[in-house]
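Here is the structure we will look at, set down as structure tokens.
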Amino acid sequence: MRRQIASRLIAGAIAVIGVAGASQVYAQDTSAPGPGTVAVTIIPGGATFFTASSNAKGPGFGNYGLGGAVTLNFNRWVGVEGEVSGDLGVTQNLKSSGVTSNLKSPNLLNYSGNVIVHAPNRSAFTPFAIGGVGGLTLFDNATLGISKTDTFLTGNVGGGVEWFSNGRWGLRGDYRFIAVRSKDDASSFFGQDTRYGHRIYGGVVINAVR
């Protein structure tokens with residue numbers, strides 16, 4: 001059932017991307033501060049939290065995140081975004097099969113292609129919704145029983161708000177719900193069943209092309 005939920009989320013995100021991708025690019029409305037035709041987001045800090053697996057073997061854990069994204073806006077409301085972020089392991093209490101150990105969580109690399117929809121807002125604050133599909137690479141960690149580097153299919157959906165001080169730069173707050181599809185040959189620590197995560201970050205947005 002959990003795998004079916006993840007599959008439906010990923011399939012829905014693909015459908016949204018297909019619809020938005022058919023839109024024609026045209027010039028931006030520059031009457032108020034907002035996202036440009038091409039925007040670059042620098043992510044200096046954030047956090048990703050994964051819930052524990054359903055079989056209690058894979059513990060819940062949190063990582064520190066940083067990365068970046070490039071957005072191509074078809075118009076003032078709809079665009080597509082490519083995003084890459086690294087989630088760095090942090091030493092914390094990890095509970096697995098009823099045993100708690102103070103260990104460093106595994107390092108992750110997350111990459112995705114998303115559709116972003118901005119609310120029609122004339123103020124400096126622009127709410128947005130975002131969702132898409134991608135991959136998550138889990139790096140090997142012998143201490144945690146992760147014998148190999150593995151990659152999983154992911155889907156994400158979320159939203160946030162952007163604030164622009166002028167036509168060139170601004171700030172962005174972003175939340176994402178993440179579903180990671182399971183693999184039968186994954187480690188017991190992560191990936192044998194569908195895992196769900198929550199990611200938040202703050203970033204600086206630069207309008208490279210208005």
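The values are calculated or read from the model by the stated rules, or taken from the named source; none is laboratory data. Please read all numbers here as calculations on a predicted model, not as lab measurements. Just so you know, the surface numbers come from the protein's heavy atoms only, side chains and all, with ligands and any DNA or RNA stripped out. Shrake-Rupley method; radii C 1.70, N 1.55, O 1.52, S 1.80 Å.
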Near Lys183, which lysines are there with a Cα under 21 Å away, not counting those fewer than 8 places off in the same chain?
Lys57, Lys148
With all protein chains present, region 35-166 has a carbon and sulfur share of its accessible area (1.4 Å probe) in percent of 65 percent
Rg(Cα) / (2.2 N^0.38 Å) computed for region 84-186, rounded to two decimals:
1.40
For region 102-153, how big is Rg over Rh, using alpha carbon atoms and the Kirkwood form of Rh?
1.26
How compact is region 54-116 by the rule of thumb for globular proteins, expressed as Cα Rg over 2.2 N^0.38 Å?
1.59
Expected vector for region 100-109, Karplus 3J(HN,Hα) from phi with 6.51, -1.76, 1.60 and θ = phi - 60°, integer Hz, x for Gly and Pro, equals 9, 10, 8, 9, 7, 5, x, 7, 10, 10
For region 52-70 and region 124-178, write down the distance between their C-alpha centroids in whole Å.
11 Å
A correct Karplus calculation of ³J(HN,Hα) over region 116-125, with 6.51 cos²θ - 1.76 cosθ + 1.60, θ = phi - 60°, whole Hz and x for Gly and Pro, returns 10, 10, 8, 6, x, 9, 8, 7, 6, 9
Quick one: what are the phi-derived ³J(HN,Hα) couplings along region 76-85, Karplus 6.51/-1.76/1.60 with θ = phi - 60°, whole Hz, x for glycine and proline?
6, 10, 10, x, 10, 9, x, 9, 9, 9
Under-5 Å amide H pairs with Arg76, H placed in peptide plane, nonlocal only
Asp29
